[in-house]
Amino acid sequence: MCQSLLKLFEKSVKVNARVCLCLSGVTEAAESERDIPWGRVCIFLQKLGKKADSRSLSLAHCDLTATDLLELATLLQFLPQLEDIDVSWNELIGGSLKALTSHLHQVGGVRTLRLCSCRLIADDITALGDALTCVPLLEVLDLSWNGGIGGGGFQSLLGKLPPPLRELHLVSCQLTAADAAALGGTIQAFPGLSVLDVSCNPQLAQEVDGGGFRELAASLSHTASLTVLRFQACGLTPSGVLRCLPSLQQLDLSCNKSLAGGLDQLTLHLAHLTHLGSLDLHLCGLTHADLEALVQVLPSLTALKELNVSSNKEAGGVVQPLVSALPLTQMRRLPLNSCSLSEESLSALAVVVPFLCFLDVSWSKVVGGRSALLLDALQPSVLVELRLSSCDLCTDDLRSLAAACRRGCLSSLQLLDLSYNSSVGDDGWSALFTAGGLESLQDLDLSLRPLTSASCSAWLQALLSALPQLPVLSRLAVQRWTMSSQDQQQLKHCLSKRNVLLDWEGAPSSWKSPEE
């Protein structure tokens, strides 16, 4: 009887094993079936050199074609958790955006949509507008660098933007005064709007007397949550730019030369921006009177951390009162490149240098032989970027820089621009590279200005020996320095092992202007 029971038990075990095996096969098949769609997504992205992410689709600079866009659209159904879509800088998809937008209903949770520089045309804007109701949670929309947006297409799009919108980026879209008026008329529909960037639209304020831009400026006072406002190169005039913007933290009015001579009208409103942390007025052609008006209002801007008045020639004459009016200990950025600085200016600037994370006095010949005025004021591990391009630096300046390295003042430095300083001797370059203390450096520019050249053989070995102490270096620019073929091979070999980009003859380079 025991033997019969044993046989019955063994038979039961075998049956159960078969059932388990069968169920396991069904489960594996189901899992395999589920993996197939995700596999298609992975293969498509791998083809473009990208990694799959169920929440973020980043395909900027991928040379996408209309065919790629259609394939991408069919894959959206397999990405139900998608929140971010970026297909920027793919100029071949212009005119075929509908292939993508017609499938947006399958990713209704999308919060960020970026379509910069895609050569969008009127039909694309219409298709996008029709699809926006499918993404009711959209918070960030970036259509920058699409010249076909300005005009009637943009105005029809405005009425379809979802209320949760927090950021709207429309840089260089050829917006007109009529577009400004339309935007002003609808902006109250976005109570949470915190970032508005309409930079590089020179026609935006051209018809300000006709009410177009003034309507936008007036409506901004109703956007209580607005923290970032960028009007760079929009043809602004001093009147009608600002009203009541109590929450504003960043204001960019740069490259608006029509502001020159009337900044006092603007500063009346600036005084009320008590949360303003960043103010950009570079390349505005500001007069001495404009800068004096700015100095008068600076004590009211108690939250200010960044002030940019670079590329305003008259700024060099007001550095002392400017610095005196700033909240010194909280200042992080005060670029004064191309400002006609004097020795007195450098001495005044030295007062705020210990607190700055970014220091730029490029295109100031007076710095040559006097850089110690600034470098001696540096504090350890504060400075992140140092730009001394075209400053007529000499060997002693590089020795002062080396001394700052040895004191640990540049241990956090990530970018060092010493380009266009051909007066530095070989000993100066060698002193810098043997000093150490640049362990955080990522970008180093030693290029000479166009139409000049010099040999770097005397200091190249010092640079090569320093490379192990530059563990995060990712770019080295040495344009127009000459070297022997043996030195070339040695330099390229050392950098290739580290995956460092070498910007040298044969590699892309461009002339830098003082305004850069």
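Looking only at the range 283-335, how many residues end up being without any contact (Cβ under 8 Å) to a residue 60 or more places away in the chain, under 21 Å from R230 (Cα atoms) and not in a helix (DSSP H, G or I)?
Summing the residues that are without any contact (Cβ under 8 Å) to a residue 60 or more places away in the chain, under 21 Å from R230 (Cα atoms) and not in a helix (DSSP H, G or I) in the range 283-335 gives 19.
Based on what the data block shows, is S419 hydroxyl-bearing (S, T, Y) and in contact (Cβ under 8 Å) with a residue 40 or more places away in the chain? Please lay out each step first, then the result.
Working: hydroxyl-bearing (S, T, Y): yes; in contact (Cβ under 8 Å) with a residue 40 or more places away in the chain: yes.
So S419 passes the test.
When you look at D396, is it more than 13 Å from L359 (Cα to Cα), of a type in the set (D, E), over 28 Å from the mean Cα position of the chain (by Cα) and in a loop (DSSP other than H, G, I, E, B), yes or no? Can you show your working first?
Details: more than 13 Å from L359 (Cα to Cα): yes; of a type in the set (D, E): yes; over 28 Å from the mean Cα position of the chain (by Cα): yes; in a loop (DSSP other than H, G, I, E, B): no.
Taking the combined requirement at face value, the residue does not satisfy it.
What's the total number of residues in the range 98-123 that are β-branched (V, I, T), touching an Asp or Glu at 6+ places or on another chain (Cβ under 8 Å) and not in a helix (DSSP H, G or I)? Before the answer, list the steps.
Taking the range 98-123 as the starting set, the residues that turn out to be β-branched (V, I, T) are 101, 107, 110, 112, 121.
Retained after the next criterion (residues that are touching an Asp or Glu at 6+ places or on another chain (Cβ under 8 Å)): 101, 110, 112.
Now restrict to residues that are not in a helix (DSSP H, G or I): 110, 112.
Of the residues in the range 98-123, 2 are β-branched (V, I, T), touching an Asp or Glu at 6+ places or on another chain (Cβ under 8 Å) and not in a helix (DSSP H, G or I).
Being in contact with a Gly (Cβ under 9 Å, 6 or more places away or on another chain) and either over 28 Å from A73 (Cβ atoms) or in contact (Cβ under 8 Å) with a residue 60 or more places away in the chain (or both) is the requirement here; does G192 meet it?
On the way: in contact with a Gly (Cβ under 9 Å, 6 or more places away or on another chain): no; either over 28 Å from A73 (Cβ atoms) or in contact (Cβ under 8 Å) with a residue 60 or more places away in the chain (or both): yes.
When the stated conditions are applied, G192 does not pass them.
Do we find that R399 is more than 15 Å from L418 (Cβ to Cβ), in contact (Cβ under 8 Å) with a residue 24 or more places away in the chain and either surrounded by 23 or more Cβ atoms within 10 Å (Cβ to Cβ) or out of contact with any Ser or Thr (no Cβ under 6 Å at 6 or more places or on another chain) (or both) in this structure?
Numbers: more than 15 Å from L418 (Cβ to Cβ): no; in contact (Cβ under 8 Å) with a residue 24 or more places away in the chain: yes; either surrounded by 23 or more Cβ atoms within 10 Å (Cβ to Cβ) or out of contact with any Ser or Thr (no Cβ under 6 Å at 6 or more places or on another chain) (or both): yes.
Answer is no for this residue.
Within the range 222-259, which residues are outside any loop (DSSP other than H, G, I, E, B), out of contact with any Asp or Glu (no Cβ under 6 Å at 6 or more places or on another chain) and under 20 Å from S194 (Cα atoms)?
So the first thing to find is which residues in the range 222-259 are outside any loop (DSSP other than H, G, I, E, B), and the list is 222, 228-230, 250-252, 257-259.
Among the residues that remain, those that are also out of contact with any Asp or Glu (no Cβ under 6 Å at 6 or more places or on another chain) are: 222, 228-229, 250-251, 257-259.
Result: H222, V228, L229, Q250, L251.
Looking only at the range 124-147, how many residues end up being under 23 Å from the mean Cα position of the chain (by Cα) and crowded, with 16+ Cβ neighbours inside 10 Å?
Looking only at that region, the number is 9.
In a helix (DSSP H, G or I) and surrounded by 21 or more Cβ atoms within 10 Å (Cβ to Cβ), is that true of A431?
Taking the combined requirement at face value, the residue satisfies it.
If you check L460 against the conditions, is it in contact with a strand residue (DSSP E or B) (Cβ under 8 Å, 6 or more places away or on another chain), of a type outside the set (K, R) and either surrounded by fewer than 20 Cβ atoms within 10 Å (Cβ to Cβ) or not in a loop (DSSP other than H, G, I, E, B) (or both)?
On the way: in contact with a strand residue (DSSP E or B) (Cβ under 8 Å, 6 or more places away or on another chain): no; of a type outside the set (K, R): yes; either surrounded by fewer than 20 Cβ atoms within 10 Å (Cβ to Cβ) or not in a loop (DSSP other than H, G, I, E, B) (or both): yes.
For L460, the condition - in contact with a strand residue (DSSP E or B) (Cβ under 8 Å, 6 or more places away or on another chain), of a type outside the set (K, R) and either surrounded by fewer than 20 Cβ atoms within 10 Å (Cβ to Cβ) or not in a loop (DSSP other than H, G, I, E, B) (or both) - is not met.
Restricting to the range 341-365, what's the tally of residues that are assigned to a helix (DSSP H, G or I) and surrounded by 18 or more Cβ atoms within 10 Å (Cβ to Cβ)? Show your work before the answer.
So in the range 341-365, the residues assigned to a helix (DSSP H, G or I) come out as 343-349, 353-355, 365.
From what is left, the residues that are surrounded by 18 or more Cβ atoms within 10 Å (Cβ to Cβ) are 345-346, 348-349, 353, 355.
Matching residues across the range 341-365 total 6.
Read-outs: derived from the displayed coordinates by stated rules, not from any lab. These numbers were taken from a predicted model, which means no experiment stands behind them. We place every Cβ from the backbone using ideal geometry, glycine too, and count neighbours over all the protein chains shown.
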